[in-house]
Amino acid sequence: MDFDVPPETLAFANEVDGILRTPQTARLLRNVQAREDGMDGDVRELYRYLGDAGILAPSWPVEYGGRGLDFTATVALLEQLVAHRIPQNLYCISVQNVGSLILAAGSEQQRGTLLPAMASADLTACILFTEPGHGSDLAGMTTTAVRDGTGWVINGRKTYNLKSAYADLALCAVRTDPQSSQYEGITLFLVPLSAPGVVIRPIPSLADEQFHDIWFTDVRVDDDALFGSAGSGWSLITQMFAAERTGLDYYARGRHWLNVAGDRLTEDGRRPADLVRVDLARHRTRLEASKLLSCQVMQNLQQGTPDIAESSFAKWHCSETAQRIAWWALNALGPDMLERGPDTGDRVLEAAFREAPGMTISGGASEVMLDIVSSARVFDNGLTGD
Ligand SMILES: Cc1cc2nc3c(=O)[nH]c(=O)nc-3n(C[C@H](O)[C@H](O)[C@H](O)COP(=O)(O)OP(=O)(O)OC[C@H]3O[C@@H](n4cnc5c(N)ncnc54)[C@H](O)[C@@H]3O)c2cc1C
């Protein structure tokens, strides 16, 4: 493994840090507040400011709105966004997951029109894969798209979605051929969420960000909404999972939570008890492993050699580590941290405590990640290479 950080990445990280410290960022971040109807805050205006500054897609080619930097710039960006408390879910889903799939597998027309708009945050996208009863068992999905003249008609229901209320487009997996095998009859569409027949309803969540149910009733889309060819959906989904499961966002959050907890435990020059210091060291070491696993996955993606088992390995490790840190922080600091004010680090840790359970489920449940790892040959490359 060779993860030397190039000087361009260090310069980029400094640039990002400078932008995130501007009064404009602070003002826009203050506007991102939970709404009275329980919906999470709208982060799009803040993203557009960051998109105008050209920092949201550092590893994409310049012609698609990126900076042409290597994957280490994306790692630096995520670390900075989290450290500056910028909500990152919509960014990760839209740019890192959907955008990266379009970059890797979209048509030239889709790349040319959608990617620059995503990099500037003028266009945001979400993912509609999960259905009631079909999460880990995704290939059992029942939402359909049926050929109708020059387009398609979609009917069905998706659930446990994040961010559809603030997304323009949804990468949506549907069944187009009920006759062929479970895996062969699946197709991806990029569906405009403003299309007639789309209904989005919030589902309350323990975490700050709400889930949504999405209903499709006779939703008509044109052929240009097709992503890939009809029936190619399963291999594209697998390709996206390899890119979605880098573990990077979990690593970045775990790192920030441990930093916040460490600061609180040592404030006013206090020296934590030895057992607490041992725990801090344990978590720090696990985070370092998370970062290496994540970087390995991202380097392989950059080199065009994605590996679903390697990604599952990283996703499992990074999400389990972040979850442990969130739960440990509550014990280490005591339950009264839940009652501290909104501007203290405790607010971050309280939100982390509520977000933690979902981390080992979103993007693929931990048991399923281990199942994929156990059936792959990832353990064959020992130090001796045999
Ligand atoms: C925070 C969060 C955000 C999400 N965002 C999105 C989104 O934006 N878009 C979207 O489409 N979906 C999203 N999801 C849904 C997510 O992808 C599913 O919840 C996940 O795939 C698990 O599916 P399920 O909920 O149907 O649980 P199930 O698949 O029913 O799993 C229930 C339990 O059974 C275990 N299990 C299932 N199969 C096996 C197996 N073969 N072997 C061993 N154990 C097994 C699982 O590990 C889990 O513990 C999100 C979920 C969360 C928590």
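The values are calculated or read from the model by the stated rules, or taken from the named source; none is laboratory data. Owing to the predicted nature of the structure, the values given are computational and were not obtained by experimental measurement. Here Cβ is always computed from backbone atoms with ideal geometry, including for glycine, and neighbour counts include all displayed protein chains. Just the protein is used for accessible areas: all its heavy atoms, side chains included, with ligands, DNA and RNA removed. Shrake-Rupley method; radii C 1.70, N 1.55, O 1.52, S 1.80 Å.
Annotations
- Across region 362-368, computed HN-Hα scalar couplings (Karplus, 6.51 cos²θ - 1.76 cosθ + 1.60, θ = phi - 60°) run 5, x, x, 5, 4, 4, 6 Hz from first to last residue, x flagging Gly and Pro.
- Options L90, G41, L10, ranked by Cα towards positive dipole end of region 7-123, top entry (Cβ charges): G41
- In this calculation the C-beta distance from Q182 to R157 is compared with R0 = 22 Å, giving a FRET efficiency of 0.75.
- Nonpolar atom fraction for the chain, defined as the carbon and sulfur part of the 1.4 Å probe accessible area, stands at 53 percent.
- Estimated inter-spin distance, D148 and Q303, nm [label 7 Å along Cα→Cβ]: 4.8
- Cα gyration tensor shape of region 1-120, rounded if a/c is under 1.5, else prolate or oblate by comparing a/b with b/c: oblate
- Shape class for region 245-380, computed from the alpha carbon gyration tensor (a ≥ b ≥ c): prolate, with a/c not under 1.5 and a/b above b/c.
- Measuring nothing but how far apart in sequence close Cα pairs (under 8 Å, 6+ apart) lie, relative to its length, region 245-380 scores a relative contact order of 35 percent.
- Ellipsoid fit via the Cα gyration tensor, the chain: semi-axes of 34, 24, 22 Å, each the root of five times an eigenvalue, largest first.
- The chain: angle of helix 233-244 to the longest principal axis, Cα-based, in degrees nearest 10: 10
- Computed from point charges on the beta carbon alone (+1 for Lys and Arg, -1 for Asp and Glu), the dipole magnitude for the chain about its Cα centre is near 580 Debye.
- Compared with the dominant principal axis of the Cα atoms in the chain, helix 308-333 is inclined by about 40°.
- Magnitude of the charge dipole for region 245-380, about its Cα centre and with charges confined to Cβ atoms of Lys, Arg (+1) and Asp, Glu (-1), is about 220 debye.
- For the chain, the solvent-accessible area of protein heavy atoms averages 46 Å² per residue (probe radius 1.4 Å; ligands and nucleic acids excluded).
- Over the chain: helical MRE at 222 nm, DSSP H runs n ≥ 4 each giving -39500 (n - 2.57), nearest 500: -14500 deg cm²/dmol
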